[in-house]
Amino acid sequence: PFVLAAARTQRKDPLDGLRYYTGGWNISSEHYWASVGFSAAPVFAAAGVWFAVFGAALFLAGCCYCCCPSRSTSYSRAALVVSLLLLLAFTAAAAIGCAILYDGQGRFHGSTAATVDYVVKQSGDTVDNLRAFSGFLEAAKAAGVGPVSLPDDLKGRIDGVVRRVSSASDELAARTASNSAKIRDALDTIRKILIVLAAGMLILAFAGLVFSACGLESLVYVLVFLGWILVAATFVMCGTFLLLHK
Ligand SMILES: *[C@@H]1O[C@H](CO)[C@@H](O)[C@H](O)[C@H]1NC(C)=O
């Protein structure tokens, strides 16, 4: 075995006492996955911190709301205008974010699909080369000058080599087909999730704008709750993206 891209896969490995991982690209190795996952750990940690801190804040706000019912307050005109402007600005920011997410998922899907296609093509070329090589060996076995041909034991050894090369190329072709199907399935799933996420966030942002403008207080609270979960989910997706990207 030889080590692939050893310099580009040097990352700390939490399963090995944070020593640097030196095994190169090897998706069969749990140390490879642990070291890649560890490089996305800060984002997953941010997801956890957000979930806990904002959840605690929501809980406290809910307690305050229930225990001491709010006295009716009246807002000044300036406060209302500032609220409306902030609402419009945040809705616009959310819409731009959704557009960027949609564009980004298209490019992410394009580049990963191109990488998979490249690897599949290389593997197909290797299979073709191996099959051509068995053909040459078969032809060489039959070679001879006049009545003189290769001795039988040599022919038997050539047959053995041809069998081994054929079974290797068949296994390579079969494994390439099954692995690339699995990878394409996973990529398509990620793509669908991202598109649904982008559309969902856009709908929620506009719903929030409309509900707040109409003063539908309880619906706005439901949206705040959904937003809490969605932001945590976005952090998790971001970590997953980093992991896949690396
Ligand atoms: C990849 O990892 C597996 C499992 O740890 C190991 O058996 C295999 O030898 C590794 N391959 C290479 C090329 O290092």
Residue check for residue 20: over 30 Å from residue 201 (Cα atoms), of a type in the set (Phe, Trp, Tyr) and surrounded by fewer than 14 Cβ atoms within 10 Å (Cβ to Cβ) = yes
Could you grab me the full set of residues in segment 10-42 that are over 23 Å from residue 237 (Cβ atoms) and of a type in the set (Val, Ile, Thr)?
-> 22
Could you check, for segment 234-245, whether at least one of its residues is on the phi < 0 side of the Ramachandran plot, more than 19 Å from the chain's Cα centre (by Cα) and among the aromatic types (Phe, Trp, Tyr)?
-> no
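Conditions tested, residue by residue: (1) surrounded by 13 or more Cβ atoms within 10 Å (Cβ to Cβ); (2) in contact with a His (Cβ under 6 Å, 6 or more places away or on another chain); (3) touching a residue at least 40 places away in the same chain (Cβ under 8 Å).
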| residue | (1), (2), (3) |
| --- | --- |
| 127 | yes, no, yes |
| 141 | yes, no, no |
| 167 | no, no, no |
| 175 | no, no, no |
| 191 | yes, yes, yes |
| 196 | no, no, no |
Out of (1) surrounded by 13 or more Cβ atoms within 10 Å (Cβ to Cβ); (2) free of Cβ contacts under 8 Å to residues at least 12 places away in the same chain, the odd one out for residue 135 is which?
-> (1)
Of the residues that sit in segment 143-155 and are among the small types (Gly, Ala, Ser) and surrounded by fewer than 12 Cβ atoms within 10 Å (Cβ to Cβ), which one is nearest to residue 133 (Cα to Cα)?
-> 143
Which number in (1) at pLDDT 90 or above; (2) β-branched (Val, Ile, Thr); (3) surrounded by 12 or more Cβ atoms within 10 Å (Cβ to Cβ) marks the one condition that residue 112 misses?
-> (1)
Residue satisfying condition, being in contact with a helix residue (DSSP H, G or I) (Cβ under 8 Å, 6 or more places away or on another chain), more than 16 Å from the ligand (Cβ to nearest atom) and at pLDDT 85 or above, within set 57, 78, 47, 52 | 47
Tally of residues being under 23 Å from residue 241 (Cβ atoms) and either over 18 Å from the mean Cα position of the chain (by Cα) or not in a helix (DSSP H, G or I) (or both) across segment 119-137 | 1
Look through 56, 95, 61, 46 and report the one residue that is under 20 Å from residue 210 (Cα atoms) and either in a helix (DSSP H, G or I) or basic (Lys, Arg) (or both).
-> 95
Check whether at least one residue in segment 2-14 is among the β-branched types (Val, Ile, Thr) and part of a helix (DSSP H, G or I), and report yes or no.
-> yes
Members of segment 1-33 that are near the ligand (Cβ under 10 Å from one of its atoms) and touching a strand residue (DSSP E or B) at 6+ places or on another chain (Cβ under 8 Å) | 31
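The values are calculated or read from the model by the stated rules, or taken from the named source; none is laboratory data. Since we're looking at a predicted model, the values are computed, not measured. FYI the Cβ positions are ideal-geometry reconstructions off the backbone, even for glycines, and counts take in every protein chain you see.
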